[in-house]
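**Q** Next up is a structure, given as structure tokens.
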Amino acid sequence: MSAMMQPQIILLKEGTDTSQGKAQLVSNINACMAVADVVRTTLGPRGMDKLIHDDKGNTTISNDGATIMKLLDIIHPAAKILVDIAKSQDSEVGDGTTTVVLLAGEFLKEAKPFVEEGVHPQNLIRSYRTASNMAIEKVKELAVSIEGKSLEEKKSLLAKCAATTLSSKLIGGEKEFFASMVVDAVLAIGTDDRLNMIGIKKVPGGTMRDSFLVNGVAFKKTFSYAGFEQQPKKFVNPQILLLNIELELKSEKENAEIRLSDPAQYQSIVDAEWNIIYDKLDKCVKSGAKVVLSRLAIGDLATQYFADRDIFCAGRVSEEDLQRVAAAAGGTVQTTVNNVIDEVLGSCEIFEEKQVGNERFNIFSGCPSGKTATIVLRGGADQFIEEAERSLHDAIMIVRRAVKNSTVVPGGGAIDMEISRFLRHHARTIQGKSQLFINSYAKALEIIPRQLCDNAGFDATDVLNKLRQKHALPSGEGAPYGVDINTGGIADSFANFVWEPAVVKINAINAATEAACLILSVDETVKNPKSESAQGDAAASAMGGGRGRGRGRGMRRR
């Protein structure tokens with residue numbers, strides 16, 4: 001009797017929401033599958049786009065997995081893990097963000113029936129990790145190196161990788177045009193790892209074909225004063241002076257009081273101010289520079305002074321553009337005009353100001369160090385240009401990765417089918433339950449070719465059966481076969497130049513397996529009520545100043 005009368009132990013604060021056990025794990029898996037379903041239709045060359053309208057009224061049209069995941073603003077704690085892996089895939093390799101979310105969702109979907117039947121999640125996790133390591137080894141084994149080729153060959157191979165990435169984007173119709181542009185831009189910056197050395201400038205108007213690449217730096221004309229139009233707009237082999245100082249008359253900041261006994265003394269103070277600015281300008285001219293750029297303002301006096309001496313100047317140049325000019329032209333940004341020596345001046349072959357659409361652009365081309373490139377994007381709607389920029393970012397990342405890790409694998413779902421076949425074969429050699437788990441992992445990998453077919457409107461079952469038959473050939477000749485998006489059949493992805501860097505697949509499999517294992521290893525979710533009640537109190541006090549909470553009625557206002 002005494003055992004029944006024991007008081008209940010309250011461990012957590014009142015209102016704390018705890019859910020645990022099998023039901024909670026299934027609920028987390030369902031949440032992740034719902035997230036995967038959102039980006040499912042964006043995969044591949046025939047993938048659809050998503051239009052996302054946020055609370056600030058901004059509209060984004062995109063089919064980039066990472067962009068969609070960022071904009072969705074997911075609050076479910078387990079589903080947030082999928083957002084994180086999409087972000088990490090984007091920052092690490094740039095492409096394959098939709099793939100990684102889809103794979104993680106599919107791994108969990110395959111695990112769900114086992115969890116419901118009472119299999120311990122740790123058994124699943126162990127098998128998934130084993131399968132993941134084997135899959136990555138197989139990718140490395142199937143990868144083909146593009147090392148040791150001539151520059152021309154390498155360029156065309158890299159352009160194929162970029163074209164594969166761009167084919168699934170909004171600008172896929174012009175993929176060859178943009179792929180060669182991206183390859184030239186990446187090769188221009190050489191071994192420099194800084195992505196901001198490739199500038200992308202957006203100019204509404206015109207068609208996509210009007211986009212062009214500048215082997216150097218281009219930026220929009222900055223705010224200018226009177227006298228600007230009298231300056232020359234083109235130089236051949238000019239010296240470039242980069243400054244981080246203001247070249248304009250400034251009223252004194254300190255509220256100093258000067259007592260004068262003679263009006264002539266006041267004139268000498270005014271003259272001193274003018275002499276200081278004229279001295280600065282004179283030193284700029286004597287340096288021999290023909291182009292003067294400053295991060296801070298260049299006033300109307302300085303603009304006219306430079307115009308009279310056939311010198312081009314631009315003030316309020318953004319920090320990023322100034323650094324890129326410094327890297328390309330070989331100059332150094334100065335914080336004073338005293339003792340400007342030739343070593344700190346940059347140079348380029350041609351500087352000119354050109355009209356692009358409604359904007360005027362300052363273009364520095366033929367720079368000696370050539371460590372930068374600028375892509376000027378044209379297009380109709382602003383959203384379209386924004387999406388084109390995101391697409392080019394993915395392509396640039398992919399080409400950079402392919403330059404560094406020069407191994408590629410066949411795309412179009414070919415590599416996924418080959419790993420799936422390999423794991424199925426391996427599963428048959430294993431005793432015990434893990435045979436089933438590795439088999440389900442292998443089945444999950446087939447989601448990539450299946451989804452490619454679904455998105456293109458083909459019969460996925462039919463195409464997958466053909467692929468399975470081709471990949472099962474004992475000679476191994478079917479390994480590079482993937483989905484042919486154009487005909488709805490199957491084709492040799494290598495022969496059709498549908499390639500992607502091996503690092504994309506390795507990273508995707510790794511990240512998706514980690515995420516799936518992490519979600520499977522969670523067996524209890526505890527939701528703290530504190531934050532919710534704090535928000536509620538704040539809202540109540542803001543609305544009624546505390547009225548209606550046992551304090552009597554508020555006084556009536558007359």
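The values are calculated or read from the model by the stated rules, or taken from the named source; none is laboratory data. On a predicted model such as this, the values are computed, not experimentally measured, just so you know. Every residue, glycine as well, gets a Cβ built from its backbone with ideal geometry; the counts of neighbours run over all protein chains shown. Accessible surface areas use protein heavy atoms only, side chains included; no ligands, DNA or RNA. Shrake-Rupley method; radii C 1.70, N 1.55, O 1.52, S 1.80 Å.
**Q** Out of the residues in the stretch 73-92 that are hydrophobic (A, V, I, L, M, F, W, C) and open to solvent by less than 60 Å² (accessible area, probe 1.4 Å), which is farthest from the chain's Cα centre (by Cα)?
**A** Among those residues, the one meeting the criterion is Ala78.
**Q** Considering the stretch 139-153 alone, what residues qualify as being surrounded by 11 or more Cβ atoms within 10 Å (Cβ to Cβ) and of a type in the set (A, V, I, L, M)?
**A** Val139, Leu142, Ala143, Val144, Ile146
**Q** Next question. Where in the stretch 153-237 are the strands (runs of 3 or more DSSP E), entirely inside, with at least 2 residues that are closer than 20 Å to Ile385 by Cβ and within 18 Å of the chain's Cα centre (by Cα)?
**A** 198-204
**Q** Would you confirm whether or not the stretch 93-103 contains a residue that is of a type outside the set (Asp, Glu), free of Cβ contacts under 8 Å to residues at least 60 places away in the same chain and exposed (fewer than 15 other Cβ atoms within 10 Å of the Cβ)?
**A** Scanning the stretch 93-103 turns up no residue that is of a type outside the set (Asp, Glu), free of Cβ contacts under 8 Å to residues at least 60 places away in the same chain and exposed (fewer than 15 other Cβ atoms within 10 Å of the Cβ).
**Q** Ok, one more. Suppose we filter Ala395, Ala442 for residues that are in contact with a helix residue (DSSP H, G or I) (Cβ under 7 Å, 6 or more places away or on another chain) and farther than 29 Å from Arg468 by Cβ; which single one remains?
**A** None of the others qualify; the one that does is Ala395.
**Q** Restricting to the stretch 489-510, and then to whatever is touching a Ser or Thr at 6+ places or on another chain (Cβ under 6 Å) and small (Gly, Ala, Ser), can you tell me which residue is nearest to Asp459 (Cα to Cα)?
**A** Selected residue: Ala508.
**Q** Then there's this: Which residues, taken from the stretch 29-57, are surrounded by 17 or more Cβ atoms within 10 Å (Cβ to Cβ), free of Cβ contacts under 8 Å to residues at least 40 places away in the same chain and not β-branched (Val, Ile, Thr)?
**A** Residue satisfying the conditions is Lys50 alone.
**Q** Search the stretch 222-237 for residues that are at negative phi and pair each with any residue that is assigned to a loop (DSSP other than H, G, I, E, B) and acidic (Asp, Glu) when their beta-carbon atoms are under 8 Å apart and the residues are at least 6 apart or on different chains.
**A** Listed by first residue and then by second, the contacts come to Gln231/Asp310; Pro232/Asp310; Val236/Glu349.
**Q** Any residue in the stretch 425-437 that is among the polar types (S, T, N, Q) and closer than 15 Å to Glu106 by Cβ?
**A** no
Residues are listed down the side, and each one gets a yes or a no for (1) polar (S, T, N, Q); (2) over 20 Å from Asn338 (Cβ atoms); (3) open to solvent by 90 Å² or more (accessible area, probe 1.4 Å):
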| position | (1), (2), (3) |
| --- | --- |
| Glu273 | no, no, no |
| Asp279 | no, no, no |
| Asp282 | no, no, no |
| Ser294 | yes, no, no |
| Asp308 | no, yes, yes |
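A quick yes/no check of all residues on (1) open to solvent by 10 Å² or more (accessible area, probe 1.4 Å); (2) assigned to a helix (DSSP H, G or I); (3) among the basic types (Lys, Arg); (4) touching a residue at least 60 places away in the same chain (Cβ under 8 Å):
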position: Arg324; (1), (2), (3), (4): no, yes, yes, yes
position: Ala328; (1), (2), (3), (4): no, yes, no, yes
position: Thr332; (1), (2), (3), (4): yes, no, no, yes
position: Asn338; (1), (2), (3), (4): yes, no, no, no
position: Glu352; (1), (2), (3), (4): yes, no, no, yes
position: Phe361; (1), (2), (3), (4): no, no, no, yes
position: Phe364; (1), (2), (3), (4): no, no, no, yes
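**Q** Quick check on Ile85: is it of a type in the set (A, V, I, L, M) and either touching a Phe, Trp or Tyr at 6+ places or on another chain (Cβ under 8 Å) or touching a residue at least 24 places away in the same chain (Cβ under 8 Å) (or both)?
**A** Values: of a type in the set (A, V, I, L, M): yes; either touching a Phe, Trp or Tyr at 6+ places or on another chain (Cβ under 8 Å) or touching a residue at least 24 places away in the same chain (Cβ under 8 Å) (or both): yes.
The answer is yes for Ile85.
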